[in-house]
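Mind looking over this structure? Questions follow.
The values are calculated or read from the model by the stated rules, or taken from the named source; none is laboratory data. Note that the structure is a prediction, hence the values are computed from the model and not measured. Here the Cβ positions follow ideal geometry from the backbone for every residue, glycine too, while neighbour counts run over all protein chains shown.
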Amino acid sequence: MILFPNAKINIGLNILSRRTDGYHNLETIFYPLVIRDALEVVEADQLEFTSSGLAIPGNATDNLCIKAYNLLALDHKLPPVHIHLHKHIPIGAGLGGGSADASFFIRLMNEKFGLGMDVIQMEAYASQLGSDCAFFIKNKPALAVGKGDQLQTIDLDLGKYFIVLVMPAVQVSTSEAYRGVSPAAVSSPLSDLIRLPVEEWRSVIKNDFEPSVFSQYPIIGEIKSKLYNAGALFSSMSGSGSSVFGIFKEELKLPDLEQNNKIFYGV
Ligand SMILES: C[C@](O)(CO)[C@H](O)COP(=O)(O)OP(=O)(O)OC[C@H]1O[C@@H](n2ccc(N)nc2=O)[C@H](O)[C@@H]1O
Ligand SMILES: Nc1ncnc2c1ncn2[C@@H]1O[C@H](COP(=O)(O)OP(=O)(O)OP(=O)(O)O)[C@@H](O)[C@H]1O
């Protein structure tokens, strides 16, 4: 059985407070993109993980798909499987690719082996694997609060716009990025701001990681400026970076940005 885990972007990301468990309370909007990995599971003699496409840092045993298998195996009788992941979603980009793989793996195992889990149960397993993971169970635009794992589906359809995603040749570590931010309360909740027309987001919706990440990697801030100069209605770094997206009214090409970056058009 094959599923195609997709990336997400964060539209707005407010880091509100530091928690006693070392994590941060935040509010963000998750929006799915059509940049996808391919994840295949077949029954095998022993548990095995292989990958192709982009190189994944770390050992196969650290892969979130294996971690998801081991987590499910605590409560379910699972046969050994061969997991193959074709990696296409850029890594260290704030696109949640590893989180998507973990959650799609849970969905796949549930369906393939009739584990009988409902959405709430799958979200509970997913959130044990990473703060971003639960979103990818429903995989619908959502407001996320808490660690990013308390979700409320929202009515947001950007289908009439043209989204461009730019991935520079740098990767940002999520935990390092969190260390660079000073949490602060906000005056207007993101749940209100997201209801404004996209044209108005630029002046009110922000990503709290941008100031510290842009000062460490100026190239990322420059990409955002270039997207605005090219006519983006809204542009932002996604998550803790390093990718930056632009929301445009019309389809376009950005040859200047293609030179040193990877670009995904119409995602
Ligand atoms: C930056 C975002 O992508 C925004 O959506 C997420 O917050 C990151 O989610 P993720 O990659 O699933 O993160 P996790 O694997 O849970 O955590 C990685 C590291 O990020 C930090 N972390 C993550 C989430 C959170 N709410 N507070 C944190 O401080 C912690 O230092 C943690 O050790
Ligand atoms: N299936 C996987 N795909 C990608 N990375 C994985 C996977 N499993 C484990 N990892 C580890 O997770 C790290 C980054 O994961 P990921 O791509 O989710 O981060 P990201 O792009 O910064 O996204 P975000 O911060 O939004 O979760 C990698 O350095 C890798 O060591």
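Just to check your reading of the model, which residue among Gly12, Gly58, Gly53 is in contact with an Asp or Glu (Cβ under 9 Å, 6 or more places away or on another chain) and either of a type in the set (Asp, Glu) or farther than 28 Å from Gln150 by Cα (or both)?
After applying the criteria, what remains is Gly53.
Moving on. Search the range 91-103 for residues that are more than 8 Å from ligand 1 (Cβ to nearest atom) and pair each with any residue that is of a type in the set (Ser, Thr, Tyr) and outside any helix (DSSP H, G or I) when their beta-carbon atoms are under 9 Å apart and the residues are at least 6 apart or on different chains.
Short answer, once both residue conditions are applied: Gly92/Ser173; Gly92/Ser240; Gly92/Ser242; Ala93/Ser238; Ala93/Ser242; Ala93/Ser243; Leu95/Ser238; Leu95/Ser243.
While we're looking at this one, here's another question. Please determine, by comparing only the residues of the range 147-170 that are closer than 23 Å to Phe105 by Cβ and in a loop (DSSP other than H, G, I, E, B), which one is farthest from ligand 1 (Cβ to nearest atom).
So, considering only residues that are closer than 23 Å to Phe105 by Cβ and in a loop (DSSP other than H, G, I, E, B), the one farthest from ligand 1 (Cβ to nearest atom) is Asp149.
Search the range 105-132 for residues that are more than 23 Å from Gly146 (Cβ to Cβ) and of a type in the set (D, E, K, R) and pair each with any residue that is surrounded by 14 or more Cβ atoms within 10 Å (Cβ to Cβ) and modelled with pLDDT of 95 or more when their beta-carbon atoms are under 8 Å apart and the residues are at least 6 apart or on different chains.
From residues that are more than 23 Å from Gly146 (Cβ to Cβ) and of a type in the set (D, E, K, R), the pairs are Lys112/Val41.
With respect to Met122, is the statement that it is aliphatic (A, V, I, L, M), in the same structural domain as Arg36 (by TED's automatic domain parsing) and in a helix (DSSP H, G or I) true?
yes
For the range 71-91, what are the residues that are β-branched (Val, Ile, Thr), buried (at least 16 other Cβ atoms within 10 Å of the Cβ) and not in a strand (DSSP E or B)?
Residues of the range 71-91 β-branched (Val, Ile, Thr): 81, 83, 89, 91.
Next, only the ones that are buried (at least 16 other Cβ atoms within 10 Å of the Cβ) stay: 81, 83, 89.
If the condition is that a residue be β-branched (Val, Ile, Thr), buried (at least 16 other Cβ atoms within 10 Å of the Cβ) and not in a strand (DSSP E or B), then Ile89 is the only one that fits.
Run down Gly58, Gly22 and say which single residue is in a loop (DSSP other than H, G, I, E, B), assigned by TED's automatic domain parsing to the domain that holds Val145 and away from ligand 2 (no atom under 12 Å from the Cβ). So that I can check it myself, show each step before the final result.
Numbers: Gly58 fails: away from ligand 2 (no atom under 12 Å from the Cβ).
When all the criteria are applied, what remains is Gly22.
From the residues in the range 93-104 that are within 10 Å of the chain's Cα centre (by Cα) and near ligand 2 (Cβ under 6 Å from one of its atoms), which one is nearest to Glu123 (Cα to Cα)?
Selected residue: Ser99.
Only one of (1) more than 21 Å from Ser51 (Cβ to Cβ); (2) surrounded by 20 or more Cβ atoms within 10 Å (Cβ to Cβ); (3) near ligand 1 (Cβ under 10 Å from one of its atoms) fails for Gln128. Which number is that?
(2)
Can you pull out the residues in the range 25-49 that are touching a helix residue (DSSP H, G or I) at 6+ places or on another chain (Cβ under 8 Å), of a type in the set (Val, Ile, Thr) and more than 12 Å from ligand 2 (Cβ to nearest atom)?
Ile29, Val41
Of the numbered conditions (1) out of contact with any Leu (no Cβ under 6 Å at 6 or more places or on another chain); (2) buried (at least 19 other Cβ atoms within 10 Å of the Cβ); (3) on the phi > 0 side of the Ramachandran plot, Gly22 satisfies every one except a single condition; which is it?
The one condition Gly22 does not meet is (2).
Identify, from the list Ala100, Ala68, Ala38, the residue that is modelled with pLDDT of 95 or more, buried (at least 18 other Cβ atoms within 10 Å of the Cβ), farther than 15 Å from Ser243 by Cβ and small (Gly, Ala, Ser).
The conditions single out Ala68.
Are there any pairs with C-beta distances below 8 angstrom linking a residue in the range 65-82 that is charged (D, E, K, R) to a residue that is modelled with pLDDT of 95 or more, with the two at least 6 apart or on different chains, and if so which?
Lys67/Ala102; Lys67/Leu129
Taking into account only those residues within the range 131-146 that are part of a loop (DSSP other than H, G, I, E, B) and at negative phi, which is nearest to ligand 2 (Cβ to nearest atom)?
Just the residues of the range 131-146 that are part of a loop (DSSP other than H, G, I, E, B), to begin with: 131-134, 139-141, 146.
Okay, now just the ones that are also at negative phi, so 131-134, 140-141.
Values: Ser131: 8, Asp132: 5, Cys133: 9, Ala134: 12, Lys140: 17, Pro141: 16 Å.
Filtering first and then ranking leaves Asp132.
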